[in-house]
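Quick note: the coordinates plus some simple rules give every number you see, no bench work behind them. Quick caveat: nothing in here was measured; it's all calculated off a predicted structure. Here the Cβ positions follow ideal geometry from the backbone for every residue, glycine too, while neighbour counts run over all protein chains shown.
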Amino acid sequence: MSLINPSDTIERQNAKLLQIAQALMRKVEQKNDQSGISYAQFERAALLEVQVRERTIDLERTLDLLQESNAQLEAANRETATAQDNLSEAIETINEGFALFDKDDRLVLTNSRFCRYLRDVPDKLHEGMPFEDYVTAVSQSRYLALPHGVTPKSWSDIRYDRHREDYVVFNVSLSQDRWLQVSEHRTANGGTVILQTDVTEIIRLERQERDRMRDQQAQILQATLDHLDQGVCIFNHERNLVGWNKRMDRLLELPPQHSAKGLSFLALLDGLESELDFSVGFDAEMLRRWANQGAGRSPINFEVTRSGNRFLSVFGQEMPDRGFVISFTDVTAERESARALADMNERLERRVQYRTQELGIALSEARRANASKSRFVAAASHDLLQPLSAAKLFVSSLAEQLDGPDLRQIVDKAESALSSVEDIIEALLDISKLDANHAVFDVKPVRMSAILRPLRDELTPVALSKGLDLRIRDCPLTVHSDPGFLRRIVQNLVTNAIRYTDSGGVLVGVRRIGDRARVEVWDTGCGIAAADQEIVFQEFKRLGKTTSQAGLGLGLAIVERACKSLDHPLRLRSEPGKGSCFSFDVPIRQAHEVASKAAGRAAADGTAIKKGLVVLLVENDPQLANALIMMIESWEAHVIHAANGEDALQLLSDIQLTPDALVLDYQLGQGLSGIELLHRIRGDLGNVPVRLISADRGADLRQACNDAGITLLTKPIDREKLHRFLADVGR
């Protein structure tokens, strides 16, 4: 029984509690001996009442929450059942077999089409079934068509391995020629959805199409093979004949198709071996070993001769299925043509040899005739110049004794005619010397001013007589050439320009281009057509002038031959109606070399070669070697000479002497070159001073000398450079 009515208001309850407290206080004051116990009991009773009231309130609240939760759970169960019903209905509407496994690979649900073609499997499926048990059940189904050589255990292992992949699609062969396509898909929570699709019709259609295409391809292949000019036969992996073309029938005379098909390669080879002769390096036994290889056959190629008169080129190669194909090409016509060509070549070689001998004889005769002509021209010129000089003297004496102007004019014409004859004879003599390579060139430093100034004085009156302006620019350069021929070249070019120029003028100048001087002769004459620019350099060729106006036609021929002999490149630029420009290049002589030349041959700076200096000279040209020996010994040095590298090494080994300097020719015939010889000598004797001499002015040799640290002296050898080298060695 409660002292407080819970239905009372808070104020009423507080008032009651206050009255109870006052009454208790009075009672305590009246009974001191029992007040402590009673009060404590009352206090506990009040506390219990508060706690009971609080627990009651909490219980009532909990009951309310439970009732609300039960209501929500009931609604959720209803929704879940509805969703499950909807999911089941949706799965059943799928045409494919459907199964869902959770993240732990346990079966959750399936539809009725799942594994329906594996009739002994659906009864084994149940909720919670492990995926591995499902795979085992499928592998042991009698409706599963396992591939050849595959056991249920190996099939299940392969299937379970594929299950570990993220995305799986594969086809499964069933009994009664049915096919399922199985695919796996991963869900968001790690589960697996398996779909089984009946693809039997698709597989059958593909098979039919493949068979149709295979038949069509076989027909195309056979038609292609029959069209080939080679015989082709195909053997399977068991080395049995499975196909060949018509050309093969004609080449090897095979049995008819129905009886030859399936014939083994070895039997075919045995039947033909007696009729075949194999090429050198290949035989029937090697071919058998090649065919008997199970796999990895390398391509082979050889030739056979059948019945002694038919040549066949054979090529064999392995196919992807470990079979092989062999082709036969009839090369009889090619071999016969090659034999005929070889015979023809032999006959041609004999004819060429005979013609070569004839041409050699004719060339020798032509050379003798040319030499005879040159000797005749030289002798005739010499014999003609003697009386010609006398005639000129007689005419000059006669001119001094005549007083009449008419007679003096006749004498002047006679003297002019004799001078013209003298010029012609000298031109003929120059041409004969240049053609016979008998011209002697004295190549040395030449100041261009020493050539141009006298020509300007001599030819200016000739140009003025035709009303032409002749301008010859002075030039301070010193070039390297033959003074006489250099003057003749410039004189002939200027004279020719004056002769073929009717108005305007002639300009002569020199341009410096790198280490060469280009001498140019410009005119405003009639010009030369492109088709005639080669002809003008031939003897006795004159263009556009009458005989009375033109010269003999030897001037430009002498220019062309002299420039070629002196290595002065000659050029011609011309345009008809506007004029021409003849030019040639001459190497420039450096100023310090000119000073050295002018100072004397014994080193003008006062340096001299050390007396007794030992020089090893290796030169295979006897004339040049003798000239160098005489020159070096004139400088009081000693020369050890060898004709080639091998002799030089042997000579140094015999005398056991280290020379003070080396002068080596680069081209020493067969054997070591000059650079190779130098490396051998330096390997034995150390770094001996050296100069390499050669007529080769190519960039390759200069680069090789730079790489080896060698100074190159080009031929003709500069005497001062060689003297300075030996003088530096003796210091």
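What to note about this one:
- Radius of gyration over Kirkwood radius for the range 93-213, both on Cα atoms: the Rg/Rh ratio is 0.97.
- Pairs of Cα atoms in the range 443-589 fall into 10 Å distance bins, from 0 up to the last occupied one, in shares of 12, 44, 35, 9, 0 percent.
- Size of charge dipole - the range 608-729 - debye, nearest 20, with Cβ of Lys, Arg +1 and Asp, Glu -1, no other charges: 380 debye
- Cα-Cα separations in the range 103-158 greater than 20 Å, expressed as whole percent: 25 percent
- On full extension, the segment bounded by Ala340 and Arg571 gains 78.1 nm, given 0.36 nm per residue less the C-alpha separation.
- Each peptide in 50-60, 443-453, 198-208, 676-686 gets a packing score, the mean of other Cβ atoms within 10 Å over its residues, and the list from highest to lowest is 443-453, 676-686, 198-208, 50-60.
- Considering only Met286, Phe315, Gly271, and ranking their Cα positions along the charge dipole of the range 228-330 that arises from unit charges at the beta-carbon of Lys, Arg, Asp and Glu, the one farthest toward the positive end is Phe315.
- Glu68-Arg119 FRET efficiency (beta carbon distance; Förster radius 60 Å; 0.05 resolution): 0.75
- Neighbour-count ranking [beta-carbon atoms within 10 angstrom, fewest first] of His568, His638, His126: His126, His638, His568
- Dipole orientation for the range 48-127: of the candidates Ile57, Ser112, Gln72, Ser112 has the Cα lying most toward the positive pole (charges on Cβ; Lys, Arg +1; Asp, Glu -1).
- The order of the peptides 339-346, 501-508, 307-314 by mean Cβ neighbours within 10 Å, most packed first, is 501-508, 307-314, 339-346.
- By the count of neighbouring beta-carbon atoms within 10 Å, fewest first, Thr524, Thr62 end up ordered Thr62, Thr524.
- Estimated D of the range 604-731 in µm² per second, where Rh is the Kirkwood radius over Cα pairs and Stokes-Einstein applies at 20 °C, 1.002 mPa s: 145 µm²/s
- Förster-model FRET efficiency, 35 Å R0, Ala267 and Asn309, C-beta, rounded to 0.05: 0.85
- Full extension of the chain segment joining Arg724 with Asn77 gains 220.9 nm, where the gain is 0.36 nm per residue of separation less the Cα-Cα distance.
- Cβ-based net charge around Gly190, under 14 Å, with every Lys or Arg adding one and every Asp or Glu removing one: -1
- FRET efficiency for Ile94 and Ile20, using Cβ-Cβ distance with R0 set to 51 Å, rounded to 0.05: 0.05
- Using alpha carbons only: equivalent-ellipsoid semi-axes of the range 228-330, gyration tensor based, whole Å: 19, 17, 13
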